[in-house]
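Novice: Before anything else, here's the structure in question.
The values are calculated or read from the model by the stated rules, or taken from the named source; none is laboratory data. On a predicted model such as this, the values are computed, not experimentally measured, just so you know. Cβ placement follows ideal geometry from the backbone for every residue including glycine, while neighbour counts extend to all protein chains displayed.
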Amino acid sequence: MSTAVKPRQLNLDELRRLKWLLGGAMALVSLWTVFFLDVEALSLVGVAGAAMLAALVWPQLPGRVPPLIWKLAVPAIILAMAVDFYSSPDTLPVLIRLAIVLVLYRTVSYRRKREDLQLIVLAMFLVVVAGVLTVSIGFAFLLLLFTACGLGFLFVINLIDASETGGPRTPEAETAWTRLSWGRFFARLRAVADWRLLAFAAVLFAAVVAMSGLLFMIIPRFELATGFFLDRYITRKTRTGFTDAVKFGDVSELIRDESVAMRVDLTDTTGLRDAPYWRLVVLDEYTPDGFRISAGLKGELIRSQVMTQRARDRTAGRINNPVGGVWTFYIEPGVSRFLPLPGSYGALRLREFMPLQTSAGSRLAALRIESMTMTAFQLDDVELTPFVKDSAFVTRLRQAVENPPAKPDPGRADPRLTLLGPTGTANEAVLKKVVAEISGGAALSAEEFTARAITWLQARHAYTLAAKMPKGPGDDIVRWLDSNEPGFCEYFAASLTVLARAAGHPARVVAGFHGGVLNGFENYYMVRNSDAHAWAEVYDGKTGWVRADPTPGAVATAAQTAAQAARQEQDSSWSARVDSMRVLWYRRIVNFDSRAQVQMLDSVKTFTTDSGAALRARFDEFSKRLKLWLLRPWDAARFGRTAGLALGAAGLAWGLGRLGQWGWLRWRFWRRPQSFDPVRLAAGRQLARLRELHRGQTTEDGEQVIAGVREDLRRLRYGRRETWPEPHGVFKRARQARRAVRQR
Amino acid sequence: MSDFAPAAEVAATRGSLERLKANMRLTIKGKDEVIEQSLVCLLAGGHLLIEDLPGVGKTTLAYSLARSMDCAFSRIQFTSDLLPTDVTGVSIYDETMKEFIFKSGPVFANIVLADEINRATPKTQSALLEVMDRSKVTVDGEAHAVGSPFMVVATQNPVDYEGTFPLPESQMDRFLMRLAMGYPQPGDELEILRAPKLGYDAIALNPVVTRSDVLKMQALAGKVFVEDSVLDYILKIITATRTEAEFKAGVSVRGGLSLRIAAQARALVHGRDFVIPEDVQESAGPVLAHRLSLARQTSDALEERRTVLAALKRIIGAIAVPE
């Protein structure tokens, strides 16, 4: 009976099992990325994921499926996808569904090398599509996972390829790996695990990631999403968000959505006292359903559209009190095509040339289409003013009233719309009554009227999120106005606008966000969809529009302002910390423009040169001090102290090393506690090395050198503890013997 | 500590063993491995079955082993008409003493050579097997102890099936080891051909160890240290034979114990007071192969033997050696 071959490495079946595991994990990760996409494939992903997981855990399952089903699978997939292509309006979701089905098919069937490579390509397709369409931090994490799985998978494929001997194998032997038990497989994995291999893999992985990171930093930025053809094939489902028409209830619906709408990164937070009003949309036209952007204003926006990367606020004039430094906005996909503007600004910068629409009088800025990916833009010289300058408005209004155009100009907002409210005698009677109640019959200035109207509204109506519209005839808003029902911001804003218009003051509804939380770690505002808000703007009669927020609690009193300021400063919770990582991710990876890229490369370079210089300086300092220390006079006490310290440190290091070794061995052999003994294991390892040496060269001299040491090693490994020779001496001799033999 | 073999005593046995080996080499040429295995069997206190073609030195091996020790040796030629009493002895009536006295058979010796054991009837075979198991002969309700040490060296011929009664598995289990001699190397055979005389009378060996030496060594072999992981290795080998589809049945508990004691004895023969996995590997074939039978039919005994050994080798190769 010959000596058994020592199975230090995984055998072919175990490698195949490992390949199965890694391939399945890789496919599952790629499937996971589909969750980031909005392609109506959730149920498919669920079913595919479950099937893949089952096949991963029970590798025998695919073998039990009748061969007929495998034969029918491919035509069935082709047929189903043809139907899908035919019936679906979008191409990309169909492509993704096709990729999911193909990944599923490849994952749950037994693969040879060719199919393994196909699986990698398919999984990569899913990952790349998801990555391009959603630049999110979660995706970065998945990409790392995918890289690790993919690298391991390729490595194992190579190993299998190298160790497979050509000859024909029986079908029985071909599927032998599926019958290994997981417990035994993992025990084997642990048994063959070698810390050198693990460390090597970790270093390799880190190097790959670092290299890709570096490449990513160096390559010129381009907008992947626009360069990539795929996103054009997606028609987006309307999500909650601001569109051109805001119906009653839209904002309150948004308020229930706790997801993040945008993050606003500030370079400087000093002087920020009040919660900003982020203006998105101006709703100037009254309809019985609510307020909406008039066709004229829309036309004005369209007419103003230019391909640009920069825009100026034409109404801003001189900025008196800029705050926040540079404001960088990162807006989640699906929020709005309108850009949130917290006040007047000096300059607006986009990431690249894009069709930008602006309206000076309404201070609106909008993109042509709602972006599929994160939208980012920057503002400079922001002043958080409640005032929108529009001195031309009064002239335009007068002209329009005195000399009404025959047909409305489609490229210009009709100023008369800002005076129109609910019509009908009943409605007008109620409004007239209320206006009289507010003004007491006097002709008030716009400012005065607005203040009194707000007081009146807040006295009559409380704030609630669960507002009920009172039933009855007539206009909704007028009915609510006349009741004592509580309401929410839209009701208050609409009521104030309607009242102001009834009193002869031009007014409009503005929707957007109010406030947000200032993150204590990274100086940025996090604005959630639940921060959505609506307020009114009333024309002051000659120069511009003034913000009026009639919602109770929205305009802070002095005491509230202080409390709010304190609240803003203090979000330093754990979740804020986690969220701040996201902004770091945006700053560094999603990034803004090439300037930031150059800055980052610069900082990397400075960091490396600086730390190199610092290291050198420290080393010089250290060697100087060492020299001085050595030159100081030595006496017995000092020598003893030093020697004691050195010995103590050496002992500690040795002990820690032993502890580490013990821990490692403990981990590897935790299933066999009774035979666990570091000396026995070390001796076993030395014996194995001697044997390997022995295999290589069996000169007589070498044999003799080894023989004595081998006997002692065997005694350490298998002999009774009481009869052991001193272990460390033996190990040392073994090392010497090996070296001696190798040199010969 | 007396449970374990003291290193000094182990070293002391080395002399005796070397002498035994050297002495046996005088008659058995070029078969060091077989000599070593037979010594292992002797130290383990087991019985030896030598199965090979006629005329390759089976009997010579047994004879030289017996003659090298200061022991009583007897030889029984098994034939189909051999009776149990021819083996064990018989009580006969003594006219002068007026009583039955026990006339001991050839089995009352220290080394008993049972030549061509498979040619006797099962009845006679089992008479010998009782002695092998119990080291006693019971005749007329009276037990008679055979010699101590007691070792049966049986030979059998695998090809000669005409008029033979192959030993059933349960009886094969009684033998600690089964060995095959094999043909000698050409050089060794030339030396055998040069030898002047033929026949067992030509074997003129002087005993080199005493009976008490052998008993002492046997006691020592049982005390050789077996480390836990090596015991675990033995256990894994034994259990693996039980789950192997190629075998009709796996190795018995006695088979496992036999493997352990054989490994211990081999360690002692190599001058060690502890067992290494190599001892187990080297002993596994001789100790286990004859206890296993194939699930399928084979054309002849030699092929079965080869297949069993190959399967055993494969099984052991798949088990991780404790390191």
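Novice: For segment A:353-370, which positions are assigned to a loop (DSSP other than H, G, I, E, B) and surrounded by fewer than 21 Cβ atoms within 10 Å (Cβ to Cβ)? Give the steps one after another, and end with the answer.
Specialist: Going through segment A:353-370, the residues assigned to a loop (DSSP other than H, G, I, E, B) turn out to be A:360-363, A:368-370.
Of everything in segment A:353-370, those that are assigned to a loop (DSSP other than H, G, I, E, B) and surrounded by fewer than 21 Cβ atoms within 10 Å (Cβ to Cβ) turn out to be A:Ala360, A:Arg368, A:Ile369, A:Glu370.
Novice: From the list B:Thr27, B:Thr59, B:Thr85, exactly one residue is touching an Asp or Glu at 6+ places or on another chain (Cβ under 9 Å) and among the β-branched types (Val, Ile, Thr). Which is it?
Specialist: B:Thr59
Novice: Follow-up question, since we're still on this one. Within segment A:242-263, is even one residue more than 20 Å from A:Glu490 (Cα to Cα), at pLDDT 80 or above and in a loop (DSSP other than H, G, I, E, B)?
Specialist: No, segment A:242-263 has no match at all.
Novice: Now a separate question. Yes or no: segment A:166-176 includes at least one residue that is more than 23 Å from A:Leu117 (Cα to Cα), more than 35 Å from the chain's Cα centre (by Cα) and in the same structural domain as A:Val128 (by TED's automatic domain parsing).
Specialist: Among the residues of segment A:166-176, at least one is more than 23 Å from A:Leu117 (Cα to Cα), more than 35 Å from the chain's Cα centre (by Cα) and in the same structural domain as A:Val128 (by TED's automatic domain parsing), which makes the answer yes.
Novice: Of everything in segment B:272-323, what is within 18 Å of the chain's Cα centre (by Cα) and either more than 23 Å from B:Ile50 (Cβ to Cβ) or more than 13 Å from chain A (Cβ to nearest Cβ) (or both)? Give them in sequence order.
Specialist: B:His290, B:Arg291, B:Leu292, B:Arg305
Novice: Right, another one. Need pairs with beta-carbon distance below 8 Å; first residue over 14 Å from B:Asp115 (Cα atoms) and within segment B:77-89, second in a helix (DSSP H, G or I) and β-branched (Val, Ile, Thr); sequence gap 6+ or separate chains.
Specialist: Matching pairs, first to second residue: B:Leu83/B:Thr124; B:Pro84/B:Thr124; B:Thr88/B:Val131.
Novice: If you check B:Ala143 against the conditions, is it in contact with a helix residue (DSSP H, G or I) (Cβ under 9 Å, 6 or more places away or on another chain), crowded, with 21+ Cβ neighbours inside 10 Å and not aromatic (Phe, Trp, Tyr)? Even if it seems obvious, please write down each step before you answer.
Specialist: Working: in contact with a helix residue (DSSP H, G or I) (Cβ under 9 Å, 6 or more places away or on another chain): yes; crowded, with 21+ Cβ neighbours inside 10 Å: no; not aromatic (Phe, Trp, Tyr): yes.
Judged against the criteria, B:Ala143 is not a match.
Novice: Return only the number of the condition from (1) of a type outside the set (D, E, K, R); (2) part of a helix (DSSP H, G or I); (3) within 14 Å of chain A (Cβ to nearest Cβ); (4) more than 21 Å from B:Gly15 (Cβ to Cβ) that B:Ala267 does not satisfy.
Specialist: All conditions are met except number (4).
Novice: Okay, next question. Picking from A:Phe639, A:Phe607, A:Phe622, A:Phe669, which residue would you name as being at pLDDT 90 or above, of a type in the set (Phe, Trp, Tyr) and outside the structural domain of A:Glu726 (by TED's automatic domain parsing)?
Specialist: Answer to the check: A:Phe622.
Novice: From (1) more than 25 Å from B:Leu53 (Cα to Cα); (2) charged (D, E, K, R); (3) under 17 Å from the mean Cα position of the chain (by Cα), pick out the condition that doesn't hold for B:Glu95.
Specialist: Answer for B:Glu95: the failing condition is (3).
Novice: Between B:Ala66, B:Ala72, B:Ala44, which is touching a Phe, Trp or Tyr at 6+ places or on another chain (Cβ under 6 Å) and either on the phi > 0 side of the Ramachandran plot or among the aliphatic types (A, V, I, L, M) (or both)?
Specialist: Only one candidate qualifies: B:Ala66.
Novice: If the requirement is being surrounded by fewer than 10 Cβ atoms within 10 Å (Cβ to Cβ) and in a helix (DSSP H, G or I), which of these qualifies: A:Ala643, A:Ala649, A:Ala637?
Specialist: Details: A:Ala643 fails: surrounded by fewer than 10 Cβ atoms within 10 Å (Cβ to Cβ); A:Ala649 fails: surrounded by fewer than 10 Cβ atoms within 10 Å (Cβ to Cβ).
Result: A:Ala637 is the single residue among A:Ala643, A:Ala649, A:Ala637 that is surrounded by fewer than 10 Cβ atoms within 10 Å (Cβ to Cβ) and in a helix (DSSP H, G or I).
Novice: State all residues of segment A:377-394 that are outside any loop (DSSP other than H, G, I, E, B) and out of contact with any helix residue (DSSP H, G or I) (no Cβ under 7 Å at 6 or more places or on another chain); if no residue qualifies, say none.
Specialist: A:Phe377, A:Gln378, A:Leu379, A:Asp380, A:Val382, A:Glu383, A:Phe387, A:Val388, A:Lys389, A:Ala392, A:Val394
Novice: Which members of segment B:53-69 meet the condition of being closer than 13 Å to B:Asn110 by Cβ and among the aliphatic types (A, V, I, L, M)?
Specialist: B:Ala62, B:Leu65, B:Ala66, B:Met69
Novice: Could you list, ordered by first residue, the pairs with Cβ atoms under 6 Å in which the first is in segment B:273-301 and among the hydroxyl-bearing types (Ser, Thr, Tyr) and the second is surrounded by fewer than 23 Cβ atoms within 10 Å (Cβ to Cβ), at least 6 apart or interchain?
Specialist: Listed by first residue and then by second, the contacts come to B:Ser293/B:Lys248; B:Thr298/B:Glu304.
Novice: Only one residue in A:Leu681, A:Leu713, A:Leu690 is surrounded by 15 or more Cβ atoms within 10 Å (Cβ to Cβ), under 57 Å from the mean Cα position of the chain (by Cα) and either at pLDDT 85 or above or not in a helix (DSSP H, G or I) (or both), so which one is that?
Specialist: Working: A:Leu681 fails: either at pLDDT 85 or above or not in a helix (DSSP H, G or I) (or both); A:Leu690 fails: either at pLDDT 85 or above or not in a helix (DSSP H, G or I) (or both).
Just one listed residue meets the conditions, A:Leu713.
Novice: Further question: Which members of segment B:193-218 meet the condition of being surrounded by 13 or more Cβ atoms within 10 Å (Cβ to Cβ), hydrophobic (A, V, I, L, M, F, W, C) and either modelled with pLDDT of 90 or more or in a helix (DSSP H, G or I) (or both)?
Specialist: Of everything in segment B:193-218, those that are surrounded by 13 or more Cβ atoms within 10 Å (Cβ to Cβ), hydrophobic (A, V, I, L, M, F, W, C) and either modelled with pLDDT of 90 or more or in a helix (DSSP H, G or I) (or both) turn out to be B:Val214, B:Leu215, B:Met217.
Novice: Any residue in segment B:13-20 that is within 14 Å of chain A (Cβ to nearest Cβ) and touching a residue at least 60 places away in the same chain (Cβ under 8 Å)? Show your work before the answer.
Specialist: To start, the set of residues in segment B:13-20 that are within 14 Å of chain A (Cβ to nearest Cβ) comprises B:14.
Next, only the ones that are touching a residue at least 60 places away in the same chain (Cβ under 8 Å) stay: B:14.
Yes: segment B:13-20 contains one or more residues that are within 14 Å of chain A (Cβ to nearest Cβ) and touching a residue at least 60 places away in the same chain (Cβ under 8 Å).
Novice: Another question, if that's okay. Please count how many residues of segment A:58-94 are in contact (Cβ under 8 Å) with a residue 60 or more places away in the chain and of a type in the set (A, V, I, L, M).
Specialist: Qualifying residue count, segment A:58-94: 1.
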